[in-house]
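Presented below is the structure to which this report refers.
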Amino acid sequence: MTLPFELPAAAPGTVHLVGAGPGDPGLLTLRAVALLQTCDLVAYDRLAPPEALALVPPDAARIAVGKSDPADGGGPAGWSQDEISTLLVLAAREGKAVVRLKGGDPFVFGRGGEEAIRCHEAGVPVEVVAGVTSAVAAPGAAGIPVTHRGVAAAVAFVTGHEDPAKPETQLDWPALAAFPGTLVFLMGMRSLPDICRNLRAQGRRANTPLAVVRWGTTARQRELVSDLEHAPAAVAAAGIGSPATIVVGDVVSLRERMCARPPSRRLVASASN
């Protein structure tokens with residue numbers, strides 16, 4: 001494919017914070033592809049599409065730095081955030097062209113800001129490459145628009161997994177319950193009962209539609225539609241776990257009027273982890 005513009009290669013001594021998108025490798029950006037094809041080292045998390053690693057040069061280092069939670073079926077707890085940031089800084093100081101590959105967008109609950117600050121403090125140049133966030137893509141693949149004229153004029157992205165070391169929550173549950181639009185929770189499957197309970201306790205009606213989309217945009221996608229009152233029991237009965245996106249609001253009711261589904265894709269190259 002010939003492009004009418006230039007896509008510079010990954011730069012030596014630089015950390016490129018790259019969003020890998022929601023899971024479908026077809027949703028990688030052109031910039032992400034160019035950087036993966038020219039990097040010396042890629043540090044990737046467990047939600048980055050495995051197919052993306054097939055783009056990395058054979059002699060480049062591939063390092064899995066996932067921080068997955070064993071309770072969510074993600075395997076060992078993996079690297080700490082400090083260890084990941086240290087790896088990026090040291091590799092860049094050695095002159096390597098570094099790609100930090102993150103699922104979704106690096107600045108949407110991806111801790112990309114922490115890594116960028118750490119690199120800046122160490123004098124390491126950083127490039128941020130936006131990715132398609134699952135907060136929009138996963139609901140869309142299930143036929144749920146996060147905004148819709150006459151139904152929802154606003155959308156709020158909310159973490160479903162706050163730092164347990166914090167002395168108190170930063171979430172304003174009364175404000176979220178009263179929010180006049182769609183709420184999208186990321187990393188919230190273990191907290192789903194608390195999310196539903198808190199929203200109902202602050203006045204959100206019990207029959208507010210709620211959808212859960214697991215592995216959105218991929219061939220593994222699963223969907224469940226319920227409401228605030230019944231969702232925790234329904235999700236438990238269906239055995240739906242992480243990673244999943246939770247959508248709360250009347251836009252969920254539009255799903256049956258749309259026929260959006262993730263495209264089927266043939267894997268043309270496999271990647272070694």
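Descriptive notes on the structure:
- Here the 3J(HN,Hα) profile of the range 154-161, calculated from phi with Karplus coefficients 6.51, -1.76 and 1.60 at θ = phi - 60°, is 8, 9, 10, 9, 10, 6, x, 9 Hz, Gly and Pro shown as x.
- Cβ-placed point charges (K, R +1; D, E -1), dipole of the chain about Cα centre in debye, nearest 20: 760
- Stretchable slack from Ala175 to Arg149, in nm (0.36 nm times residue separation minus alpha-carbon distance): 7.2 nm
- As a rough footprinting exposure proxy, the listed residues Cys119, Cys196, Cys39 were ranked by other beta carbons within 10 Å of their own, and the order from fewest upward is Cys119, Cys196, Cys39.
- Shown for Arg118, Arg220: other C-beta atoms within 10 Å of each C-beta, ranked fewest to most, produce the order Arg220, Arg118.
- For the range 15-132, taking Cα atoms only, Rg and Dmax work out to 13.0, 38 Å respectively.
- For Pro139, net neighbour charge (Lys/Arg +1, Asp/Glu -1) across residues whose Cβ lies under 11 Å away: 0
- For the chain, share of DSSP beta bridges that run antiparallel, in % to the nearest 5: 45
- Maximal additional length on extending the Arg200-Val33 stretch stands at 55.8 nm, based on 0.36 nm per residue less the C-alpha distance.
Only the coordinates and a few stated rules stand behind these numbers; no lab work does. Predicted, not measured: the structure shown is a model, and the values here were computed from it. Note: ideal-geometry Cβ built from the backbone for every residue, glycine included; neighbour counts use all protein chains shown.
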